[in-house]
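Have a look at the structure below before the remarks.
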Amino acid sequence: MFIGIVGKPSCGKSTFFKSATLAEVDIANYPFTTIKPNHAVGFVKIDCVDTFFEKQCHPRTGFCVNHKRFVPIDLVDVAGLVPGAHEGLGMGNQFLDDLRQADALVHVIDVSGSVNEKGEPVETLSYDPANDIKFLETELDQWYLGILKKGWAKFARQVMQEKSNIAKALGKQLSALKITEEMVAGGIKKLNLNSEKPSEWSDESLLSLSTELRKITKPMVIAANKIDVPGAQKNFERLKTQFPDYFIIPCSAESELALREAAKHELIKYIPGEDSFEITDLGNEKLNDKQKTALNFIKTNVLEKFNTAGVQDALNKAVFEMLDYIAIYPGGVNNLEDQYGNCLPDCFLLKNGSTALDFAFKLHTDFGKKFIRAIDVKTKRTVGKEHLLKHLDVVEIISDK
């Protein structure tokens, strides 16, 4: 699972990334603070199944707090993109290439309208953040189009001369973008393109196909950052109406980062994505009045108003709703522990619609090849290889040794 964090410079993108990962990255309010992509581990949050068994889990990767399980995913913070990125402006081609293998994108925008299209500070609410959503769509579409059109005339003639399957040929050519033959075939059918005469496709048709493939392979959640700035909420409500096809999440990455850093130092008790926190005894001793005032601001103007600081919600929305993944635990009917005594140590993310056999192969190739049956550990029911898994299932795989 690979999620790209994107947006123009100075919109809070790197703050979002750091708040999600607590990785050490440069943060500043000037363009191109980030040049090389930052990679780190982030997490999606689920209700842990350990409560079903009245136990406490011991994750091998990720962590669990108050029976909220955090499952690791890969995040990359790409340098800020500006209009003309697909043409190389601001090293845009290089930055776009960093997104080739991303399964989905979180587009961080400054919903307070205090940064212009170049990432330069302007008066709050003077810039329309809707422009940023449109600009990134355009840049990604043009990026896909540039890759698609590279050597297009020769490619199209060859496909026609050899009477090749255009969807298969294009799927292979564009595989670096995670585009498949099936995706191309679906796009061709939807746009009513003549698959036997690709050389006759117009530039407009190629752009439309690029847009279709981009929407499928790089779906986006919009993180409406700086929601705590006065006036920003009005912009947020307008954007939800203007862009109904997007998940748009109210977000204050700066607040989330402050909460996670305070929790890391045991000054507060806070579970990422929750709507409240509690100052600890240590926090009462060490936090000064200014810090307590800042925490109270976050509580009143972010958590109580929006029920979240938004960062965790954006990641969860991307993985579980937009990409439609589910979380599955391996476990045994008679034993939920591994050889080291760790209870429910692993949790895997699979596409919704995955079967027991898919899960067996996810665990190990030999489990898949030698699959006999599976057991739904919660119900203790034996199921076959075609059994469809559900979110938060615990499954035991029985294979031929």
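Which residue, LEU389, LEU257, LEU191, tops the fluctuation ranking in a GNM of the chain built on C-alpha contacts under 10 Å?
Top of the fluctuation ranking is LEU191.
Answer with one residue from VAL395, CYS251, PHE135: the one whose Cα lies farthest towards the positive end of the charge dipole of the chain, charges on Cβ with Lys, Arg +1 and Asp, Glu -1.
Looking along the dipole axis, the top candidate is VAL395.
Dividing the Cα convex hull volume of segment 180-280 by residue count, how many Å³ per residue is that?
On the way: hull volume 15.7 nm³, N = 101.
Spread over its residues, the Cα hull of segment 180-280 gives 156 Å³ apiece.
What's the magnitude of the charge dipole for segment 66-203 around its Cα centre, counting Lys and Arg as +1 and Asp and Glu as -1 at the beta-carbon? Answer in Debye, nearest 20. Each step should come with its number before you reach the end.
Working: 16 positive and 21 negative charges, 190 e Å.
Charge dipole of segment 66-203: 920 debye, to the nearest 20.
Please name whichever of GLY332, VAL319, ALA167 sits farthest to the positive end of the charge dipole of the chain, dipole taken about the Cα centre and charges placed at Cβ: Lys and Arg +1, Asp and Glu -1.
Final value for the positive-end residue is ALA167.
With contacts defined as alpha carbon pairs under 8 Å and 6 or more residues apart, what's the relative contact order of segment 165-216 in percent?
Values: 42 pairs, mean separation 17.2, N = 52.
Normalised by residue count, the contact order of segment 165-216 is 33 percent.
So what's the projected area for segment 258-401, the Cα convex hull averaged over all directions, in nm²? It would help to have the intermediate numbers written out before the result.
Working: hull surface 46.0 nm².
Averaging across all directions leaves 11.5 nm² for the Cα convex hull.
How much of the calculated P(r) for segment 150-213 lies past 20 Å, in percent of all Cα pairs? Numbers along the way, then the final one.
Numbers: 288 of 2016 pairs.
It works out to 14 percent of all Cα pairs.
May I ask you to derive the relative contact order of segment 325-399, considering only C-alpha pairs under 8 Å and at least 6 residues apart, and to give it as an integer percent?
Numbers: 150 pairs, mean separation 29.2, N = 75.
Rounded, it is 39 percent for segment 325-399.
Charges at C-beta only: +1 for Lys and Arg, -1 for Asp and Glu. How large is the resulting dipole of segment 325-399 about its Cα centre, in Debye rounded to 20?
Values: 10 positive and 9 negative charges, 58 e Å.
That gives segment 325-399 a dipole magnitude of about 280 debye.
Charges on Cβ only, +1 for Lys and Arg, -1 for Asp and Glu, centred on the Cα centroid of the chain; of LEU105, MET1, GLY187, which one is farthest towards the dipole's positive end?
About the Cα centre, the residue reaching furthest to the positive side is GLY187.
How compact and how long is segment 325-399, expressed as Rg and Dmax of its alpha-carbon atoms in Å?
In Å, with Rg to one decimal and Dmax whole: 11.2, 32.
In deg cm²/dmol and to the nearest 500, what is the mean residue ellipticity at 222 nm of the chain if only DSSP H runs of at least 4 residues count, each as -39500 (n - 2.57), divided by the residue total?
Values: 14 runs with 137 residues, N = 401.
Computed ellipticity for the chain at 222 nm equals -10000 deg cm²/dmol.
What is the fewest-to-most order of PHE236, PHE247 by other Cβ atoms lying within 10 Å of their Cβ? Walk me through the numbers before you get to the answer.
Numbers: PHE236 22, PHE247 18.
Ascending number of Cβ neighbours within 10 Å: PHE247, PHE236.
Output the DSSP H helices from the chain with an along-axis C-alpha extent of no less than 18 Å and a mean Kyte-Doolittle hydropathy no less than -0.5. If you can, show how the numbers build up before the last one.
Values: long enough: 130-149 (28 Å, -0.17); 203-217 (21 Å, -0.20).
Qualifying helices: 130-149, 203-217.
With springs only between Cα atoms under 10 Å, which of THR379, THR124, THR211 fluctuates most in a Gaussian network model of the chain?
THR379
State the three equivalent ellipsoid semi-axes of segment 112-196, derived from the C-alpha gyration tensor as the square roots of 5 times its eigenvalues, in descending order and whole Å.
Result for segment 112-196: semi-axes of 39, 13, 10 Å.
Using Cα-only point scatterers and the Debye equation, what is log10 of I(q)/I(0) for the chain at each q in 0.14 Å⁻¹, rounded to two decimals?
At q = 0.14 Å⁻¹ the computed log10 ratios are -1.25.
When N is the residue count of segment 58-211, what does its C-alpha Rg come to as a fraction of 2.2 N^0.38 Å? Could you put the intermediate results ahead of the total?
Details: Rg = 19.9 Å, N = 154, 2.2 N^0.38 = 14.9 Å.
That ratio works out to 1.33.
Between GLU321, GLU261, GLU54, where does the largest GNM mean-square fluctuation fall for the chain, given springs only between Cα atoms within less than 10 Å?
Looking only at GLU321, GLU261, GLU54, the largest GNM fluctuation is found for GLU54.
Laboratory data are not the source of any read-out in this text; all were calculated from the coordinates shown. This structure is a prediction, so every number in the text was calculated from the model and none was measured. Don't worry about glycine lacking a Cβ; one is built from the backbone with ideal geometry, like all the others, and counts go over all protein chains shown.
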